[in-house]
Amino acid sequence: MKKGKERGFSLIELLIVVAIILIIAAIAIPNLVRARIAANESSAANTVRQIVTAEITYYVAYPTIGYSNTLTDLGGPTPCPAPIATASCMLDNSIANATPGTSGKSGYQFQETGIAAAGINTTFAAGGTPVTLNASGNRNFCASTDGAIHILIGGGGLPVTTVAACQAYPVAP
């Protein structure tokens, strides 16, 4: 009996294809991680802006308190039955509850502190840091009463809670 020519791929050909796929993956995966980090950082900067806007609204709505005491004061149940100082419903709960010790929002955790003078919170500091440095983000963001967004590259740790710490960061371009 005469054997016909067998069809299919040789082991060498399959190994070459697998090697090419691995090379492409090695090039693509770091780019995907950088893209995710960039998206998380953009979301974090926007979230800090939302916190500033909510703080200004809170200050107008509760003049005897001033700015809110904590970030959770800016949130509230959905739908909001009746806003109160400790659940003002001015910020989405996904942000108001993205505090240190939680999984955060878009890879970032946030914190806000009202700072009192003469019994009223006359200023505040709000900040956001990556939950996992170099994996979910590489920058810390913060803002205070002036509304300017400040950025610290290579941050991490807990979000700032004082105006002085926030103003030590460079202002965002």
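The values are calculated or read from the model by the stated rules, or taken from the named source; none is laboratory data. Computed from a predicted structure; not experimentally measured. Note: ideal-geometry Cβ built from the backbone for every residue, glycine included; neighbour counts use all protein chains shown.
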Suppose we filter Gly119, Gly76 for residues that are in contact with a Cys (Cβ under 6 Å, 6 or more places away or on another chain) and either surrounded by fewer than 22 Cβ atoms within 10 Å (Cβ to Cβ) or within 19 Å of Arg36 (Cβ to Cβ) (or both); which single one remains?
Gly76
Just one listed residue, out of Ala172, Ala125, Ala143, is modelled with pLDDT under 95 and of a type in the set (A, V, I, L, M), and it is Ala172
Is it the case, given these coordinates, that Gly114 is in a strand (DSSP E or B) and in contact with a strand residue (DSSP E or B) (Cβ under 6 Å, 6 or more places away or on another chain)?
yes
Restricting to region 44-73, and then to whatever is hydroxyl-bearing (Ser, Thr, Tyr) and more than 15 Å from Ala116 (Cα to Cα), can you tell me which residue is surrounded by the most Cβ atoms within 10 Å (Cβ to Cβ)?
Thr47
The correct count of residues that are in a loop (DSSP other than H, G, I, E, B) and either within 11 Å of Val171 (Cβ to Cβ) or touching a His at 6+ places or on another chain (Cβ under 7 Å) (or both) in region 137-146 is 1
Checking the conditions here, which among Gly114, Gly119, Gly101, Gly154 is more than 16 Å from Thr70 (Cα to Cα) and out of contact with any Pro (no Cβ under 6 Å at 6 or more places or on another chain)?
Gly154
Could you identify the single residue in Ser68, Ser103 that is in a loop (DSSP other than H, G, I, E, B), of a type outside the set (D, E, K, R) and in contact with an Asp or Glu (Cβ under 7 Å, 6 or more places away or on another chain)?
Ser68
